[in-house]
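A.B. asks: Right, I'll just put the structure down here and ask away after.
The values are calculated or read from the model by the stated rules, or taken from the named source; none is laboratory data. Just so you know, these numbers come straight off a predicted model, no measurement behind them. When we count neighbours, we look across all protein chains shown, and the Cβ atoms used for this are built from the backbone with ideal geometry, even at glycine.
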Amino acid sequence: MDMMKVLVVDDEARMRKLVKDFLSVKGFQVVEAEDGEQALEVFFAQKDIVLVILDVMMPKMDGWEVCKAIRQYSQVPIIMLTARGEERDELQGFKLGVDEYISKPFSPKILVARVEAILRRSKGTPVDASEAGGIRINKAAHQVTIDGRIIDLSYKEFELLSYFMENQGLALSREKILNHVWNYDYFGDARTIDTHVKKLRSKMGEKGDYIKTIWGMGYKFEVNG
């Protein structure tokens, strides 16, 4: 089996080496970039990168700009690294389509565990497509259509919609959603989910009404009528 290729972008050579060493031990192939411009060159030159680990503070082009550029062409999972644990940075990252958010200093073992969890989930489970109210999800193809039209969802939005549809009619607490969709002990708060749900509803158009808010608790997916 070919090794999965991960792009590590950080202006600190020591940090790149640390992450590379831990990922290599787990069987990943690691390519590196030391600034934002180089990151984009490497990403678009090598079409088989399955995940990007991206530092926020870098010369020439910061992590936010790199993320925006990648998201115009690809939904590859992105993990952002930052030295600042400010909430506004985290929310900005999720709005740009970041999948995970890790503040420095961090445990390399935790980073590797999150990389493995993301890639496990992004492979999708080879199950038949599920459908409800004109929304069709194909996990194997990682594709969503609404009334036959493909809608472009980020990795986390796809996971969220899949979880909602698998639990139609059930009230889901924010805690339960975090545990199943984010799949690790999340050090954040419920606004992470609310931000994703807002974007997901917007992309779904009128079908976004199927995701009902249960005030003070969470959400429920229910097809009208």
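A.B. asks: Hey, any hits in segment 176-183 for a residue that's over 21 Å from Pro77 (Cα atoms) and modelled with pLDDT under 85? Give the derivation first.
C.D. replies: Applying the first criterion (over 21 Å from Pro77 (Cα atoms)) to segment 176-183 yields 176.
Still in the running and modelled with pLDDT under 85: 176.
Yes: segment 176-183 contains one or more residues that are over 21 Å from Pro77 (Cα atoms) and modelled with pLDDT under 85.
A.B. asks: Same structure, new question: If only one of Leu170, Leu161, Leu153 is closer than 24 Å to Ile214 by Cβ, part of a loop (DSSP other than H, G, I, E, B) and modelled with pLDDT of 85 or more, which one is it?
C.D. replies: Being closer than 24 Å to Ile214 by Cβ, part of a loop (DSSP other than H, G, I, E, B) and modelled with pLDDT of 85 or more holds for just one of Leu170, Leu161, Leu153, which is Leu153.
A.B. asks: With the condition being in contact with a helix residue (DSSP H, G or I) (Cβ under 6 Å, 6 or more places away or on another chain) and more than 26 Å from Gln143 (Cβ to Cβ), I'd like the strands (runs of 3 or more DSSP E) fully within segment 1-83 carrying at least 2 qualifying residues.
C.D. replies: Of the strands (runs of 3 or more DSSP E) lying wholly inside segment 1-83, those with at least 2 residues that are in contact with a helix residue (DSSP H, G or I) (Cβ under 6 Å, 6 or more places away or on another chain) and more than 26 Å from Gln143 (Cβ to Cβ) span 5-9, 29-33.
A.B. asks: Conditions: (1) at pLDDT 95 or above; (2) surrounded by fewer than 17 Cβ atoms within 10 Å (Cβ to Cβ). Val30 meets all but one. Number of the miss?
C.D. replies: Going through (1) at pLDDT 95 or above; (2) surrounded by fewer than 17 Cβ atoms within 10 Å (Cβ to Cβ) one by one, Val30 breaks only (2).
A.B. asks: Shifting gears a bit: Starting from residues that are aromatic (Phe, Trp, Tyr) and in a strand (DSSP E or B), keep the ones in segment 200-225 and report whichever is surrounded by the fewest Cβ atoms within 10 Å (Cβ to Cβ).
C.D. replies: Phe221
A.B. asks: Moving on. Among (1) under 18 Å from Ser103 (Cα atoms); (2) of a type outside the set (Lys, Arg); (3) within 21 Å of the chain's Cα centre (by Cα), where does Leu18 come up short?
C.D. replies: (3)
A.B. asks: Select from segment 131-142 the residues that are modelled with pLDDT of 85 or more and out of contact with any Leu (no Cβ under 9 Å at 6 or more places or on another chain) and write down the one among them that is surrounded by the fewest Cβ atoms within 10 Å (Cβ to Cβ).
C.D. replies: For segment 131-142, the residue satisfying everything is Gly134.
A.B. asks: Answer yes or no as to whether Tyr73 is surrounded by fewer than 16 Cβ atoms within 10 Å (Cβ to Cβ) and modelled with pLDDT under 85.
C.D. replies: yes
A.B. asks: Let me ask something else. State whether one or more residues within segment 38-49 are closer than 19 Å to Thr192 by Cβ and at pLDDT 90 or above.
C.D. replies: Scanning segment 38-49, I find no residue that is closer than 19 Å to Thr192 by Cβ and at pLDDT 90 or above, so the answer is no.
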